[in-house]
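Please read the structure below before turning to the comments.
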């Protein structure tokens with residue numbers, strides 16, 4: 001039996017890549033979108049009968065995902081890229097796995113990130129407070145990601161749902177991306193910024209260390225490196241452009 005997956009916030013950047021991968025691997029996928037128009041556009045983009053959508057205009061109110069989940073008892077995996085854990089517990093008893101997209105900002109403060117002696121692990125948390133969050137927009141974003149992820153784990157601890165929860169914490173590496181693009185795609189030279197080639201390594205030398213050994217042990221397979229991700233993504237974009 002083909003696994004059915006629900007992806008919240010389906011029109012988001014990360015979510016669309018997840019959708020494409022799931023459809024390519026023959027999963028049945030249901031995505032939540034804010035409007036039917038966006039859903040139809042996404043359906044046309046994916047060009048697959050494996051994808052369908054449910055309109056959830058606002059994900060913030062309690063019960064926002066209730067009706068969508070009631071309509072899809074076949075769904076056993078929920079990927080949260082858009083705060084649906086209460087709805088999953090109430091109306092998705094068949095769901096066994098939930099994946100939440102958080103952020104690197106939930107793990108570290110700026111001071112810890114700039115401390116070469118500090119080692120960040122899966123157990124690390126950004127200790128930001130509500131009062132600090134009110135003082136600066138960037139701190140507000142960091143707090144949003146931190147408190148949202150903590151709310152998920154608090155829910156798991158207090159509600160003890162039947163599903164397992166996994167959280168991914170993406171980060172951004174600007175200069176490294178520029179170096180990879182300029183080194184591997186000569187046709188882009190002069191069309192994209194160069195930045196300061198090699199500066200990424202200099203920055204890393206002054207940053208904290210990352211230890212994701214627990215994640216790698218749990219996954220049981222090697223992670224795809226940044227260069228491979230970037231090169232594969234650009235090649236895909238070029239192929240799509242050439243087909244138009």
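The numbers here are math on the coordinates, done by the rules we state, and not lab data. What you see is a predicted model; the values in this text were computed from it and never measured. Neighbour counts run over all protein chains shown; Cβ positions are idealised from the backbone, glycine included.
Mean residue ellipticity at 222 nm, helices only, the chain: -13000 deg cm²/dmol; runs of at least 4 DSSP H residues each add -39,500 (n - 2.57), and the sum is divided by the number of residues.
Enter the per residue convex hull volume of the chain, computed from alpha-carbon coordinates, in Å³ rounded to the nearest integer. Show your work: numbers first, answer last.
Values: hull volume 41.2 nm³, N = 244.
Roughly 169 Å³ of hull volume per residue.
From the alpha carbon centroid of the stretch 1-60 to that of the stretch 119-187 is 23 Å. Only alpha carbons enter this Debye calculation for the stretch 128-223, each as an equal point scatterer, and the log10 of I(q)/I(0) it gives at q = 0.10, 0.23, 0.24 Å⁻¹ is -0.51, -1.16, -1.18. With the Kirkwood sum run over all distinct C-alpha pairs, the stretch 88-128 has a hydrodynamic radius of 12.7 Å. In plain terms, the bigger the Kirkwood radius, the slower the diffusion; for the stretch 175-244, with that radius from Cα pairs, at 25 °C and 0.890 mPa s, Stokes-Einstein puts D at 170 µm²/s.
Using the Kirkwood radius over C-alpha pairs as Rh, can you work out the diffusion coefficient of the stretch 1-140 via Stokes-Einstein at 25 °C, viscosity 0.890 mPa s, in µm² per second? Spell out each step's value before the answer.
Numbers: Rh = 16.8 Å.
Once the numbers are plugged in, D ends up at 146 µm²/s.
The protection proxy used here, the mean number of other Cβ atoms lying within 10 Å of each residue, ranks peptides 29-38, 57-66 as follows, highest first: 29-38, 57-66.
Placing dummy labels 7 Å off each Cα toward the beta-carbon, the span from residue 203 to residue 232 is 2.3 nm.
Which FRET efficiency value, to the nearest 0.05, is calculated for residue 67 and residue 135 with the Förster distance at 35 angstrom and r the Cβ-Cβ distance? Each step should come with its number before you reach the end.
Details: r = 39 Å, r/R0 = 1.11.
Efficiency at R0 = 35 Å is approximately 0.35.
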